Amino acid sequence: MTQLKNYTLALLGFFIVLATPQNVVGASKTTYSICHKLAQETQIAKSISWCVSSALPSQEANLYGPQNLFQEGAWCEGVKGNGIGEAIELSYEPFEGDTGPPAYDRLLIANGYDKSTKTYLNNSRVKKIEIKTDSGRTWVRTLRDETGPQEVLLGEEIRPRGILITILEIYPGQKYQDTCLSQLVADFGF
């Protein structure tokens, strides 16, 4: 897990944000208060923000917000029930003159709370997602119920300014209903 996270920070420099379906870039003026903004420029954007539709409240030293999609920990949704309909949005401010990020044709996702096998199985994991770009292009994909990174192929190259990922189905946790993701990035191939 750490290897993927280091790879993501060093080579991808682009992250996906969590939010509700109404908040895709250009689709609504809705603002969500659970956000994390990368405070530095990356090789693909002037700034990148993550906003989530919900997050599990902090418990002692454990945080479950959108900042965990690219560092140790996990984002866990915070609504009652299993998180169906909760979503992740990526939005970024492009460099002046840019129309969007470099093209990519896949996402890398580490499903569940990938801290340990016990933690992974105790919490719910994402089974099926809807991926929607700011231009309205949509895919539905199924994630495998396994730890570690997995590629989610889109079947074509895209360059969206915003991308929204909505939870459609889950793998139920053995102990908790909270649905979690440990990593979510666009794979630019560099």
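Filter region 37-93 for residues that are among the β-branched types (Val, Ile, Thr) and touching a residue at least 60 places away in the same chain (Cβ under 8 Å); which is nearest to GLY189 (Cα to Cα)? That would be ILE44. If I ask for residues that are within 12 Å of the chain's Cα centre (by Cα), outside any strand (DSSP E or B) and either more than 20 Å from THR119 (Cβ to Cβ) or modelled with pLDDT of 80 or more (or both), which ones from region 28-73 would you list? Listed by number, the residues that qualify are SER53, GLY65, PRO66, GLN67, ASN68, LEU69. Only one of the listed residues (ILE129, ILE158, ILE163) is under 24 Å from LEU38 (Cα atoms) and either under 15 Å from the mean Cα position of the chain (by Cα) or not aliphatic (A, V, I, L, M) (or both). That residue is ILE163.
Screening TYR92 against (1) within 26 Å of ILE34 (Cβ to Cβ); (2) in contact with a Leu (Cβ under 8 Å, 6 or more places away or on another chain); (3) not charged (D, E, K, R) leaves a single unmet condition, (2). Restricting attention to region 75-108, the residues that are of a type in the set (A, V, I, L, M), in contact with a strand residue (DSSP E or B) (Cβ under 9 Å, 6 or more places away or on another chain) and at pLDDT 95 or above total 1. Is it the case that ARG141 is more than 21 Å from SER91 (Cα to Cα), of a type outside the set (Ser, Thr, Tyr) and assigned to a strand (DSSP E or B)? So ARG141 does not fit the description; no. The residue of region 173-186 that is surrounded by the most Cβ atoms within 10 Å (Cβ to Cβ), among those that are under 19 Å from the mean Cα position of the chain (by Cα) and not in a strand (DSSP E or B), is ASP178.
Okay, residues lined up against (1) aromatic (Phe, Trp, Tyr); (2) closer than 23 Å to PHE70 by Cβ; (3) in contact (Cβ under 8 Å) with a residue 40 or more places away in the chain:
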| position | (1), (2), (3) |
| --- | --- |
| LEU121 | no, no, yes |
| ARG125 | no, yes, yes |
| LYS132 | no, yes, yes |
| TRP139 | yes, yes, no |
| GLY148 | no, yes, yes |
| ILE163 | no, yes, yes |
| THR166 | no, yes, yes |
| GLU169 | no, no, yes |
| PRO172 | no, no, yes |
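Residues in region 136-160 that are touching a helix residue (DSSP H, G or I) at 6+ places or on another chain (Cβ under 8 Å) and either aromatic (Phe, Trp, Tyr) or surrounded by fewer than 12 Cβ atoms within 10 Å (Cβ to Cβ) (or both): none. Scanning region 74-97 for residues that are surrounded by fewer than 24 Cβ atoms within 10 Å (Cβ to Cβ) and assigned to a loop (DSSP other than H, G, I, E, B) gives GLY78, VAL79, LYS80, GLY81, ASN82, GLY83, ILE84, GLY85, PRO94, PHE95, GLU96, GLY97.
The values are calculated or read from the model by the stated rules, or taken from the named source; none is laboratory data. Please read these numbers as outputs of a predicted model, since none were measured by experiment. Every residue, glycine as well, gets a Cβ built from its backbone with ideal geometry; the counts of neighbours run over all protein chains shown.
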